[in-house]
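The values are calculated or read from the model by the stated rules, or taken from the named source; none is laboratory data. Being a predicted model, the structure only gives us computed values, none of them experimental. All Cβ positions, glycine included, derive from the backbone under ideal geometry; neighbour counts span all protein chains shown. These accessible areas exclude ligands, DNA and RNA; they are computed on the full protein's heavy atoms, side chains included. Shrake-Rupley method; radii C 1.70, N 1.55, O 1.52, S 1.80 Å.
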Amino acid sequence: MTDLDMLYDYYKDNNLAAGGYATLSCRVKDDGVEKTFRKLTQSALKESRTAAKMIIKLGGQIY
């Protein structure tokens, strides 16, 4: 497995996590828990953007 392959996996996992956290934040009734899930969503999206930049830097493509 190459560095690029690992970055693609990391990018995919962060996108899936962000989607899951966003879904959960919409479904919970407690404001504190919702806020926590929103923060987790933002954190996962930030990591996804970082991974995307690294993939592009290594010559990969983001679809």
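The table that follows gives values for the structure above.
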item	result
Options Leu58, Asn15, Phe37, ranked by Cα towards positive dipole end of the chain, top entry (Cβ charges)	Phe37
Crossing angle, helix 3-27 versus the chain [Cα axis fit, 0-90 degrees, rounded to tens]	10
Estimated [θ] at 222 nm from DSSP helical runs (n ≥ 4, -39500 (n - 2.57)) normalised by residues in the chain, nearest 500	-29500 deg cm²/dmol
Using alpha-carbon coordinates, inclination of helix 31-57 to the longest axis of the chain, degrees	10
Hypothetical label at Arg49: residues of the range 1-15 whose amide nitrogen lies under 18 Å (7 Å Cα-Cβ projection)	11-15
Extension gain, Tyr63 back to Thr2 (0.36 nm per residue minus Cα-Cα distance, nm)	20.1 nm
Average accessible surface area per residue within the chain, 1.4 Å rolling probe, Å²	77
